[in-house]
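Everything on this sheet refers to the single structure shown next.
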Amino acid sequence: MILMFCVIGIGSIFSVFFHVATPESRFSEYAALVKRNNIHSPTVDMKWNDWLKEWQFYLVALAYMFSRLVANVSQTYWPLYLKETLRLGKVFVAIIPLIVFITGFFTSLIMRRVNRLLGRKLTFACGLILTGAACLWMWFLGESNRMQVFGAAVFMGAGSSTLLVTSLSMVADLIGANTATGAFVYGSMSLADKLSSGTALVLVQALHPCNAVGTSCCSACSWYYQHVMVFLPAGFSAVCFLFLLVMIPMNIGQLRKSLNAMSLIVAVDETDVASDQRAPLLSPRVSEGGSQLNINAEVHPGAEDT
């Protein structure tokens with residue numbers, strides 16, 4: 001109970017501090033940049049149901065969801081993996097997750113520069129590589145070489161942090177200047193994250209081998225938690241890689257509704273230009289009269305003098 005009140009109290013203090021001390025501008029940085037540079041792009045009012053018609057909305061949501069699954073599942077089963085598979089002491093149950101969090105924190109500090117240097121998609125691929133390397137390393141860990149888990153923890157912390165930060169950046173790119181419905185987008189992503197994480201954890205516990213023998217723990221716990229820590233994050237990373245391949249030719253943030261509005265504007269402009277080109281400078285009657293005057297002047301050159 002004391003721990004619960006401590007967590008709630010500290011979270012409430014920092015939440016109030018964030019809302020009070022963080023200045024909030026009326027427009028996002030992207031919207032201000034568009035307005036300042038007078039970028040000629042159609043202003044599209046995206047309603048919440050318009051997002052449901054965008055393919056990019058689902059792709060980015062799935063990439064974010066599986067990125068969260070990599071972090072959530074690994075963080076949940078680190079203690080059981082350390083205790084049941086590697087037979088490490090209780091002190092390591094606190095140290096190894098702490099290393100994961102510290103590595104993720106320092107990785108997040110350089111994500112802004114890395115994203116500017118490599119771009120969103122390549123940075124996301126680097127996170128997948130780090131996560132896959134961590135899973136591969138844990139597959140070869142046992143009681144004989146269990147101290148190498150520190151290296152796997154560093155890789156997992158860096159990889160999962162890279163995936164989370166970059167996927168959130170993709171969500172921000174997807175929203176762009178459509179900040180009016182940005183809360184719906186972030187809420188949908190969070191809902192998908194929570195539902196998928198809960199479903200994954202329920203399935204892991206339902207498939208636990210100890211359920212068949214009717215005991216709280218058995219000899220199969222050793223390999224079971226190793227498989228959970230290796231195959232689930234690796235499988236989720238593989239699914240993220242497939243979505244990344246689909247998104248490579250896409251420019252995240254170029255929504256179908258915006259493109260339709262742009263094509264409509266271009267079509268109207270082309271129609272106006274074509275009509276301007278077909279319109280004569282003088283009316284046909286004036287043109288004929290001018291030609292007749294020119295002809296009369298040539299035939300009777302002294303007509304003006306008389």
Which listed residue is more than 25 Å from residue 96 (Cα to Cα) and in a helix (DSSP H, G or I), from 149, 154, 171, 165: 171
Cβ-Cβ below 7 Å, separation at least six or inter-chain, first residue in the range 228-256 and farther than 19 Å from residue 168 by Cα, second of a type in the set (S, T, N, Q) and open to solvent by 40 Å² or more (accessible area, probe 1.4 Å): which pairs? none
Scan the range 198-225 residue by residue and report those that are aromatic (Phe, Trp, Tyr) and at pLDDT 90 or above. 224, 225
Considering only the range 43-94, state which residues are in contact with a Ser or Thr (Cβ under 7 Å, 6 or more places away or on another chain) and hydroxyl-bearing (Ser, Thr, Tyr). 64, 67, 74, 85
Candidates 169, 144, filtered to the one that is surrounded by 17 or more Cβ atoms within 10 Å (Cβ to Cβ) and either modelled with pLDDT under 95 or on the phi > 0 side of the Ramachandran plot (or both): 169
Give me the pairs, please: first residue somewhere in the range 1-26 and over 30 Å from residue 180 (Cβ atoms), second residue anywhere and modelled with pLDDT of 85 or more and open to solvent by 90 Å² or more (accessible area, probe 1.4 Å), beta-carbon distance under 8 Å, and either six or more positions apart or on two chains. none
Helices (runs of 4 or more DSSP H) (entirely within the range 43-123) containing at least 3 residues that are among the β-branched types (Val, Ile, Thr) and surrounded by fewer than 19 Cβ atoms within 10 Å (Cβ to Cβ): 90-109
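The values are calculated or read from the model by the stated rules, or taken from the named source; none is laboratory data. Remember, it's a predicted structure, so these values are computed and weren't measured experimentally. Cβ: placed from backbone, ideal geometry, glycine included. Neighbour counts: every protein chain shown. Remember, those area values only see protein heavy atoms, side chains included, never the ligands or the DNA or RNA. Shrake-Rupley method; radii C 1.70, N 1.55, O 1.52, S 1.80 Å.
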